[in-house]
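Here's the structure, in structure tokens; my notes come after.
The values are calculated or read from the model by the stated rules, or taken from the named source; none is laboratory data. Computed from a predicted structure; not experimentally measured. Cβ coordinates were reconstructed from backbone atoms using ideal geometry, including for glycine residues, and neighbour counts include every protein chain displayed.
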């Protein structure tokens, strides 16, 4: 007998709830009569707000407790920001659905004064400007362009981060454009950073749905929400990350897109200070998404990425598999 009530496991932040509510709405439209409720779960990453995530250690800081709810039956499916999701799953769980991606790029946001942005764009930042970000991936790329920047830790939900900016704690902050847009705050974006300035996190802008492998009802229910193009591109990015044995909180970036049926993908590994940035590029058939991710990783490893990552892990050990959603 089919279930009529299903439970979505989700974090409790505004962005996480927006994503879970969107999935809830889509499922209710697809299957009239099904009842969907949310189980808001506080994860380790949500509880630790006074320490840079790279120093916390452990994997899946924003998914572990939600996965435990799936395994115990307290949730039937979980909705995640893909850049929070580790590349390996607990026995019995998988991630069969990745929804259509929003803008994967990073957003530069400066304060507002007299209804205008105080700073008009990244290249207009004054010397020694203070930029808020919790991401080593972002900071290393920005420092490689402007080494005089003062990078300051920025934690908390999106509204908290914007409030800190408005209070004058930062000259500008960097957030994922997708989250800002989903919450209806596009007017706060000063500039969308090009991927040449800031290559995105693995899976950035995409929503993933995780569930139990052995639950055919839920697997069938969520299948229509899968977006094949996004699934293929994110799979290539995640294979790149896995081959590098990295977590999303270290300075690793990748962006894959489909162009006329072919994957075009860029990858990056950087040192914490930004003095060493290694970029790699690959193109190939979409059918070979995973092998392209592996080949791209092997290319960047052959040019010194392992030494850079070993240095990062030496400072922030063990690596963290999860970058705070933003």
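Details
- Residues satisfying the stated conditions in segment 152-167, i.e. assigned to a loop (DSSP other than H, G, I, E, B), surrounded by fewer than 17 Cβ atoms within 10 Å (Cβ to Cβ) and touching a residue at least 40 places away in the same chain (Cβ under 8 Å): 153, 156
- Restricted to segment 119-151, and to residues there that are free of Cβ contacts under 8 Å to residues at least 24 places away in the same chain and loosely packed, with under 15 Cβ neighbours inside 10 Å, the residue that is farthest from residue 273 (Cα to Cα) is 123.
- Note on segment 220-272: among residues that are within 12 Å of residue 87 (Cβ to Cβ) and surrounded by fewer than 21 Cβ atoms within 10 Å (Cβ to Cβ), the one that is modelled with the highest pLDDT is 235.
- Segment 36-118 holds helices (runs of 4 or more DSSP H) entirely within its bounds, and those carrying 1 or more residues that are modelled with pLDDT of 90 or more, over 16 Å from the mean Cα position of the chain (by Cα) and buried (at least 19 other Cβ atoms within 10 Å of the Cβ) map to 64-72.
- Subset tally (residues that are assigned to a helix (DSSP H, G or I) and surrounded by fewer than 20 Cβ atoms within 10 Å (Cβ to Cβ)) for segment 172-187: 3
- If you go through segment 19-30 and keep only what is touching a residue at least 60 places away in the same chain (Cβ under 8 Å) and crowded, with 17+ Cβ neighbours inside 10 Å, you end up with 19, 23, 27.
- Test: residue in segment 264-285 that is more than 20 Å from residue 133 (Cβ to Cβ), free of Cβ contacts under 8 Å to residues at least 40 places away in the same chain and in a helix (DSSP H, G or I): no
- The set of residues in segment 134-151 being at pLDDT below 95 and not in a helix (DSSP H, G or I) consists of 134, 135.
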